[in-house]
C-alpha cells in the first residue's frame, strides 16, 4: 500500500475516530487455537489519529487496550477483554533511506509483505523468523528470531519506533530521541505502548547455498559449535525416537558465484513442504491420537526421507514458510556452548519418561544482542524449541523439557508457552527491573495490561 493509498483509505474509513466503536462482544482465537478471548470492543484503525483517539477513549472508560497481529503467539500475550486493536488496514512500506538502508513499515505489515516490498528496492532483512505470517510489530514485540551465530533477532535490527503511549502521546523514538523507551520497546510485549511504525535495518539482497544432510544426532551434537561457527545460518532438527538429525547450513554467496552439483529446487520444495512437513507430520499427529505406538516408527521413517541436498535460495525466500499443521510450541534460549548437552539431557528425560513425540526438536543459534528482554541479551545463544500437535496433550512433554531448559539457565521466548512468573523471569533477565520501572512510569494505570503481563511483569 502506498502513502497515497493509505491516506485515501484513512479519509474514507476515519469517521468517528474520536469516539470508541459500538460496544459488542468479539471473540478472538490465536493461530494454534489454544487461546480464546472475548473483547468488549474491537477496532481496525487506519491512521495515527485514530489509534491515539482510541487509546485515550479506552483509558478514560477504564478499558484495557491490546494490539493483535496474526495471532502466532502461542500464549495470551495479545489477549484482552477490553479493546482489541488490529492493524489489517494499517500496513505497507512508509519509506526507505537509501543511505542507511533503513526501511520503515506500518505496524500491520506481515513479514512476507516486508520481504516483497524490500525486493523492489534491492534490499532484504539479514535474518528473520521461520514463519512469515506475523506482523512486523508483533514479531519484534515478542522476540522473533531466525538462526545464525553472526546475526541477531529482529528486535536488535530495529532502528526507530513510532508509538502511542498510554496518555495518548505520540512519540518517535530511536537511539537519540526517547532512547530509554526505544531501548526497551524494541521487545516490549505490548506493555509500553501501541506501535505504529517500525524502522528496521536492511541489507542488499543476497543469495545463499543451502546444504542439507542427515547424520547421527550424536555426531551433530559433538560438532555443533564448529558447524555453527562455520556457517552463516545453521540449524538442526532431531527426530525423537530416531538416531538421525537433519542439518541445514546456509552460506552466503559472493556476487556472481554459481555453485555446481545442485539439487532441483522444485524437488526440494516438494520433499520439504509437501512430504516431510505436511504428509509425515500430519500422519504422525493422527497416529498420535489413534495408534501412539506407531509414532516412533514414523519418526524414524521421516528422518530417512531427508536426503543430502544442495540448492541456491535467495534471501527473500529463505527465511520463512507457511504453517498448515497447527501446533503448540515452547522455546527457550540457553548459553550457546551449553546447547549440545541440554539436547542430550532432553533426550535422556524423554527416554526415561517414555514420552512419544511426533514433531522434530528444533535447534537454532543467535548472536548476543543488547535488547533488555531478549533471550539472547548479553550472550551467544542456542535456541531449543519443541512442538506438539494441537489435539495432543502437550503438558507433560513441555513440562519435562522446560525443567531441563530452566536448569540450564534458559530464558523463555516471550511468544511461546512457558510457566515462568515475574519473580523467576527477574532472575533470568538482568535488566528486568529496568523494564518494569519504565512500564510503571509510562503506563501506571495499566491501560495496556492483561493477565499475561500481570504474570510476567507483576501487577
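Nothing in this text is a laboratory measurement; each read-out follows from the coordinates by a stated rule. As the structure is a prediction and not an experimental result, all values here were calculated from the model. Backbone-built Cβ (ideal geometry, glycine too); neighbour counts: all protein chains shown.
For the pair the range 25-54 / the range 178-240, the C-alpha centres are spaced 29 Å from each other.
In plain terms, the chain from residue 180 to residue 314 could stretch by 44.6 nm, reckoned as 0.36 nm per residue minus the Cα-Cα distance.
Would you mind classifying the range 17-142 by shape? Square roots of the alpha carbon gyration tensor eigenvalues, ordered a ≥ b ≥ c; an a/c under 1.5 is rounded, otherwise it is prolate if a/b is larger than b/c and oblate if not. In terms of gyration-tensor shape, oblate.
Name the shape class, rounded, prolate or oblate, that the alpha-carbon gyration tensor gives for the range 88-166, where a ≥ b ≥ c are the square roots of its eigenvalues, rounded holds for a/c under 1.5, and otherwise prolate holds if a/b is larger than b/c and oblate otherwise. The shape class here is rounded. Exposure proxy shown here: for 28, 414, the number of other Cβ atoms within 10 Å sets the order, fewest to most, as 28, 414. The order of 332, 311, 389, going from fewest to most other C-beta atoms within 10 Å of their C-beta, is 311, 389, 332. Contact order, relative form, for the range 17-86: 39 percent (alpha carbon pairs under 8 Å, 6 or more residues apart, mean separation divided by residue count).
Rounded to 0.05, the FRET efficiency of the residue 227 and residue 169 pair, given R0 = 30 Å and the Cβ-Cβ distance, is 0.05. Taking other Cβ atoms within 10 Å as a rough exposure proxy, 144, 381, 419, 27 sort from fewest to most as 27, 419, 144, 381. When the square roots of the Cα gyration tensor eigenvalues are ordered a ≥ b ≥ c, the ratio a/c for the range 410-459 is 1.5 or more and a/b does not exceed b/c, which makes its shape oblate. Any idea how far the Cα center of the range 104-123 sits from the one of the range 366-422, in Å? Cα centres, the range 104-123 to the range 366-422: 28 Å. Once the chain from residue 258 to residue 355 is taken as fully extended at 0.36 nm per residue, the excess over their C-alpha distance is 30.4 nm.
Annotation: extensible slack from residue 423 through residue 399 equals 6.8 nm (criterion: 0.36 nm per residue apart, minus Cα-Cα distance).
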